[in-house]
């Protein structure tokens with residue numbers, strides 16, 4: 001018993017990111033050992049995701065509305081919002097350009113031999129729900145996106161988890177509190193702050209079981225797929241991962257150095273817990289609580305900036321998803337022998353940027369969007385099935401880029417508003 005107590009004591013003293021990474025490695029080993037039977041542990045991982053998802057909607061509402069109200073000056077609200085949105089849109093366009101550039105240079109579709117090409121195309125039958133694609137097409141039309149942001153009934157939006165509608169109402173409610181002043185709205189602002197603290201405490205309690213949940217999720221992904229999952233689509237997967245790596249390790253550090261005067265080494269060490277949760281859950285929404293904690297405790301960004309920018313980013317800032325959509329569309333077009341010229345690819349930049357905004361922050365949500373994009377360039381929708389076998393692995397990678405972009409943005413906006421600590425907080 002004393003040996004177990006010492007082991008537990010040492011484990012408890014480890015940094016959260018280290019414990020999550022250990023769970024991730026253990027999950028990979030367990031998946032390889034169990035093979036397809038690893039699906040049996042999936043409910044444990046899903047329980048962890050549900051526990052995190054349980055607090056996401058109230059956390060978004062309390063943090064956004066409270067953050068907006070605490071900014072006080074309504075002009076400051078508009079200024080912070082404008083900076084945040086400009087950053088999100090600019091980095092998304094850059095991500096799409098990187099993806100298209102790599103896909104054109106490498107030409108991954110040309111590396112698939114005729115036999116493999118025939119097998120991949122034969123495997124796509126029934127891969128796409130046409131009705132779902134049409135629904136996504138309607139919802140991602142620019143004016144429809146704006147219309148769908150306005151809730152008919154805010155309580156229905158809260159119950160259904162319609163994040164864009166929740167965000168809009170939260171921002172308007174917080175702006176109203178800021179406009180009426182502390183004398184009239186002070187008690188409500190304090191109530192929001194207290195409720196937000198309660199949500200954060202709940203997140204901390206849930207994160208105690210994060211290593212176990214991460215291990216189960218990784219095992220259930222690796223086991224059924226096996227180590228050979230990337231062989232037939234290795235070049236395509238390599239282009240996606242290379243594009244994500246360029247964006248995360250070149251673009252983000254450059255922005256941090258130029259706009260926030262912060263080093264990349266410090267930043268990536270500080271955000272490691274959020275990246276580990278993002279990688280294992282493939283969900284920006286499930287990672288949001290950890291991102292908020294990293295923003296305050298490890299990056300030194302003020303509460304009001306983090307509470308405003310990060311919930312917004314978890315829904316509208318999807319750099320990794322936009323890059324994936326661009327590469328996957330071009331790759332599948334190459335498989336089918338469809339040539340996309342400069343004008344079509346320029347249209348892809350706009351389409352991928354708009355499509356990524358408001359993508360549900362849950363695993364696999366980008367697949368219907370990809371089918372919709374294929375339809376816009378004349379590629380059979382069933383082509384989505386070609387990449388479904390490895391999409392879960394790539395989904396994990398692009399979610400890491402999504403949340404990393406959110407955290408880079410909050411540091412930059414915090415610095416521009418004088419809400420970033422002069423000296424970075426000491427890391428454990």
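To keep it simple, each residue is scored yes or no on (1) within 24 Å of residue 263 (Cα to Cα); (2) in contact with a strand residue (DSSP E or B) (Cβ under 7 Å, 6 or more places away or on another chain); (3) in a helix (DSSP H, G or I).
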position	(1), (2), (3)
296	yes, no, yes
299	yes, no, no
304	yes, no, yes
310	yes, no, yes
315	no, no, yes
320	yes, no, yes
331	no, no, yes
Show the residue pairs meeting these rules: Cβ distance below 6 Å; 6+ apart or different chains; first residue within segment 326-341 and on the phi > 0 side of the Ramachandran plot; second residue at pLDDT 75 or above.
none
Would you confirm whether or not segment 248-265 contains a residue that is within 20 Å of residue 97 (Cβ to Cβ) and under 14 Å from the mean Cα position of the chain (by Cα)?
yes
Within segment 262-272, identify whether any single residue is crowded, with 24+ Cβ neighbours inside 10 Å and assigned to a helix (DSSP H, G or I), and answer yes or no.
no
May I ask you to verify whether residue 292 is under 12 Å from the mean Cα position of the chain (by Cα), within 23 Å of residue 83 (Cα to Cα) and either without any contact (Cβ under 8 Å) to a residue 60 or more places away in the chain or buried (at least 24 other Cβ atoms within 10 Å of the Cβ) (or both)?
no
Considering every residue within segment 75-86, establish whether at least one is over 28 Å from residue 350 (Cα atoms) and modelled with pLDDT under 70.
yes
Hey, does segment 296-308 have a residue that's within 30 Å of residue 175 (Cα to Cα) and free of Cβ contacts under 8 Å to residues at least 40 places away in the same chain?
yes
Go through 326, 285 for me and flag whichever is crowded, with 18+ Cβ neighbours inside 10 Å, assigned to a helix (DSSP H, G or I) and modelled with pLDDT of 85 or more.
326
Looking at 211, 227, which one is under 30 Å from residue 328 (Cα atoms) and at pLDDT below 90?
227
Tally time: how many residues in segment 36-54 are farther than 25 Å from residue 208 by Cβ and at pLDDT 80 or above?
1
Restrict the check to segment 307-314 and report whether at least one residue is touching a helix residue (DSSP H, G or I) at 6+ places or on another chain (Cβ under 6 Å), more than 19 Å from residue 91 (Cα to Cα) and crowded, with 21+ Cβ neighbours inside 10 Å.
yes
Would you mention how many residues in segment 152-167 are surrounded by fewer than 20 Cβ atoms within 10 Å (Cβ to Cβ) and at pLDDT 80 or above?
7
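The values are calculated or read from the model by the stated rules, or taken from the named source; none is laboratory data. In this text, all values refer to a predicted model and were calculated from it rather than measured experimentally. Cβ atoms come from the backbone with ideal geometry, glycine included; neighbour counts cover every protein chain shown.
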